[in-house]
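The numbers here are math on the coordinates, done by the rules we state, and not lab data. Remember, it's a predicted structure, so these values are computed and weren't measured experimentally. Positions of Cβ are backbone-derived with ideal geometry, glycine not excepted, and every protein chain shown enters the neighbour counts.
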Amino acid sequence: MADTPDKQATTAIFLDLLKQAAAAHGVYEKNELGGKYDNDWPQWYAAHMTDALATLGYDLVARPAHQRR
């Protein structure tokens, strides 16, 4: 995929949200799990990212290629 302004903007959004998720997950592990490693971190991150994207107004839904722009 070519490096376009849309791709750069999307990458920046995801990078920022992943950094926020990492910080929030560290707090979650410390406060909710008593400092223990979270083996289910992928599920936690997925839910956190879904919520964060929805808060920003994004709705990620998979669509068949023929239904895309």
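Mind giving me the FRET efficiency for Ala9 and Trp41? R0 is 22 Å, r the Cβ-Cβ distance, nearest 0.05 is fine. With a Förster radius of 22 Å, E is 0.25. Helix 5-31 and the longest principal axis of the Cα set of the chain meet at an angle near 10°.
Using the Cβ of Lys30 as centre and a radius below 12 Å, the other residues enclosed give a net charge of -2, where K and R count +1 and D and E count -1.
Relative to the longest principal axis of the Cα atoms of the chain, the long axis of helix 41-55 makes an angle of roughly 50 degrees. Based on the reciprocal of the average 1/r between different C-alpha atoms, the Kirkwood radius for the chain equals 14.0 Å.
Highest mean packing comes first when the peptides 28-38, 53-63 are listed by Cβ atoms within 10 Å, giving 28-38, 53-63. Candidate cross-link partners of Lys7 among the lysines, defined by an alpha-carbon separation under 30 Å and a same-chain spacing of 8 or more, comprise Lys19.
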